[in-house]
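Each value in this text was obtained by applying a stated rule to the coordinates, not by laboratory testing. Nothing here was measured: the structure is a model prediction, and the numbers come from that model. With ideal geometry, Cβ positions are generated from the backbone for all residues, glycine too; neighbour counts draw on all protein chains shown.
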Amino acid sequence: MEGKEKTIVYAFAAACILGLIIVGALVLKNPSTEEAFSELYFEDPDTLPGVVNIGDKIDFAFTTVSHEKKQTAYDYKVTYDGHDIRSGSFSLEPSSSKTINASVTPKDSSQVKTTDPVVNISKMKYNAASGTISSQDYGFDRMKILTSPSDGYSLVVCGANTIKLQIADGVGLLIFDPKRKESYNTSVRTVIPEVGLGSSDGQFFSDIGYIIRRDDWNIVNDRGNIDILHKKYSTVYRYALKKVSVKVSSAGSEIRGTGESEKPAVSDTRSGSEYEIHFWITVKEDPDKLQNMR
């Protein structure tokens, strides 16, 4: 092949390669080849609450962004604990977005009883004739009954250093007349903060809760013979996590979630043309009402 002919062939090959590069570049830049989808996310996800009180209004907003090539219709639904709060429809032009404000006001506490009451019963008996304690169950190992026949009383104390028996309105000593028949009854309730994370029967719980303890005392003095009955009830309460959910769907769009918070309380689940984002809240009980629980 002559040198001139070789030059022509090489020039033709270079032109073909350059043409392929130009065509490839045009394909990459052609909007018709770009992937179409839509975005869904919470506005300011890091400010979403985790713990609220009964009656607190929770305001939040979510945004849908269209990256479609044509006008697209969407449906949305907002729920709280599985109950509908708000729903509707809207349409978006390509490269446009819509932000929807929503709110929920919990009316009930999410506190639930996670165990049945555990009851411990202890008994103690004092025999006046022998001046001794004839029976003493576990829990009364620090309780003593002192008598003073000359002064005519029996004194019930608890502890080596005369630690006083707890009664409903504080602490005090119980003094009984060995010549009379009389009784004393009281109930003391204690709220003990409890911390721990767990789940039961598929229900999620927060890391806060309470143990409600109730101590019932029944002490009978029958002319110096004293019978003591102590019942201790312990019940565990936890705060269940309630779900605030946003679902957006569109038959003509693949929806994706973006901009979620790094908090584990926010997550998402995509199913076809539907996308769901949510966060969890704990609804606390009125502290005064804890005293009435059992």
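Approximating the spin labels as points 7 Å out from Cα along Cα→Cβ, the residue 191-to-residue 130 distance works out to 4.5 nm. Using a Förster radius of 41 Å, what is the FRET efficiency between residue 184 and residue 61 based on their Cβ-Cβ separation? Nearest 0.05, please. Once the sixth-power term is evaluated, E becomes 0.10. Of the peptides 175-182, 228-235, 276-283, the order by per-residue mean of other Cβ atoms within 10 Å, starting with the highest, comes out as 276-283, 228-235, 175-182. Using 0.36 nm per residue, how much length does the chain from residue 35 to residue 101 gain when fully extended, once their Cα-Cα distance is taken away? Here the segment from residue 35 to residue 101 would lengthen by 20.9 nm.
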